[in-house]
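Taking it in order: structure first as structure tokens, then the write-up.
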Amino acid sequence: MGETSGAAARVPVPVPVSVRRLLPDLLTALAPVVGERAVGVWLYGSTVTGSFERGVSDVDVLVGVGGSEPGLGVDELRAVEARVLRAHPGFRDRLDLTFAPTAALAGSLLEPLLVLSPGEPPHTARVLPRWALTRALVRETGLTLAGRPAREALAAADPGELRTALIDSVAGLRDWAPQVRHRGGHAYLVLTACRALRTLTTGELADKAQAARWTAERWPRFRPLLEAALAWRRTQAVRDESPLPAELVALRGELLDLVAATAGAGRAGPGGQVGA
């Protein structure tokens, strides 16, 4: 990764300035722990789609590494995080780094990932079917910071694989919903459901905020819930555990039911289908 800092310096202007300043330091921190095993480093999510919100949105980065496993431990990942945050403390709890071995980039579900997610300690994670959704997002919308282009390094997800990933994601949301207590969790659940609904309906990939706006246009009855979720996300309402108003609880349930029905049918109302 010795030639990566120049790549970061050439990050396109639409990427927020604060993120463009962070990326060279992230690549510098990654270099000694990944070294020549780096397949590529790719930026994706709201930082490249134009819906990044200052002080709120995460920086999502996928690091591809050669071999059958990530090849580094949680202590090394903590060191990467610490080095970046010393220079960019405003991104504390907003770095989302995933290290994936070559086989996982090709679509295998057998090799573990190494993950640093906001609010969680670094950990290894088994690859779930929903990994295909992340892979597709990076391949289709990601920005290559170092190494091979995403379209060359990551296998495409076929419609059936993508639909399975979305069904898996929806099932996880429905299982998790009764356990959510704070507004930040509710926002994540609602906006992730919108993203699944849009992709199942149209086959198009979008970030969560874009998908929420799309959902509100097509199913206006959900607008109060979606506007609330976007507001909770903007205000980082992670500590607000006051009960949701009954009407929002009902709308959340209806939204999850709609997404589940869409996943089961392969289509939803206006728009099209995935995996037919």
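The values are calculated or read from the model by the stated rules, or taken from the named source; none is laboratory data. What you are looking at is a predicted structure, and each value in this text was computed from that prediction instead of being measured. Note: ideal-geometry Cβ built from the backbone for every residue, glycine included; neighbour counts use all protein chains shown. Heads up: the accessible areas ignore ligands, DNA and RNA and are worked out on the full protein's heavy atoms, side chains in. Shrake-Rupley method; radii C 1.70, N 1.55, O 1.52, S 1.80 Å.
What the phi angles of the stretch 104-120 give under the Karplus curve with 6.51, -1.76 and 1.60, with θ = phi - 60°, is a coupling list of 5, 4, 7, x, 5, 9, 8, 8, x, 9, 10, 10, 10, 10, x, x, 10 Hz, glycine and proline written as x. According to the square roots a ≥ b ≥ c of the eigenvalues of the Cα gyration tensor, what is the shape class of the stretch 1-145, taking rounded for a/c under 1.5, prolate for a/b larger than b/c otherwise, and oblate for the remainder? Taking the square roots of the gyration eigenvalues as a ≥ b ≥ c, the stretch 1-145 is rounded.
Of interest is the spacing of the C-alpha centroids, which for the stretch 124-174 and the stretch 86-119 amounts to 13 Å. The accessible area of Asp207, taken with all protein chains in place and a 1.4 Å probe, comes to roughly 20 Å².
Just to confirm a number: summing +1 for Lys and Arg and -1 for Asp and Glu over residues other than Asp96 whose beta-carbon lies under 9 angstrom from that of Asp96, what do you get? Around Asp96, the surrounding residues sum to -1. Its Cα centre serving as origin, the stretch 116-273 has a Cβ charge dipole (Lys and Arg +1, Asp and Glu -1) of approximately 180 debye. Ordering Ser108, Gly73, Phe52 by the projection of their Cα atoms onto the charge dipole of the stretch 50-117, which places +1 on the Cβ of Lys and Arg and -1 on the Cβ of Asp and Glu, puts Phe52 at the extreme positive end.
Rolling a 1.4 Å probe over the protein heavy atoms gives the chain an accessible area of 45 Å² per residue.
For Ala250 and Asp93, calculate 0.36 nm times their separation in residues minus their Cα-Cα distance, and state this gained length in nm to one decimal.
Extending this stretch completely gives an extra 53.5 nm.
Amide H to amide H, with H built 1.01 Å from N, Ala106 comes under 5 Å of Ala155, counting only residues 5 or more places away or on other chains.
The local environment of Ala87, defined by Cβ-Cβ distances under 9 Å, has a net charge of +2 under the rule Lys, Arg +1 and Asp, Glu -1. Between Arg213 and Val56, full extension at 0.36 nm per residue minus the direct alpha carbon distance yields a gain of 54.7 nm. Phi-derived couplings, Karplus 6.51 cos²θ - 1.76 cosθ + 1.60 at θ = phi - 60°, listed residue by residue for the stretch 83-94: 5, 5, 6, 4, 8, 9, x, x, 9, 4, 6, 9 Hz, with x used for Gly and Pro. Atom-type composition of the exposed protein surface of the chain places 51 percent of the accessible area on carbon and sulfur (1.4 angstrom probe).
For the chain, the calculated P(r) over all alpha carbon pairs, in 10 Å bins from 0 to the bin holding the longest distance, is 7, 29, 36, 23, 6, 0 percent.
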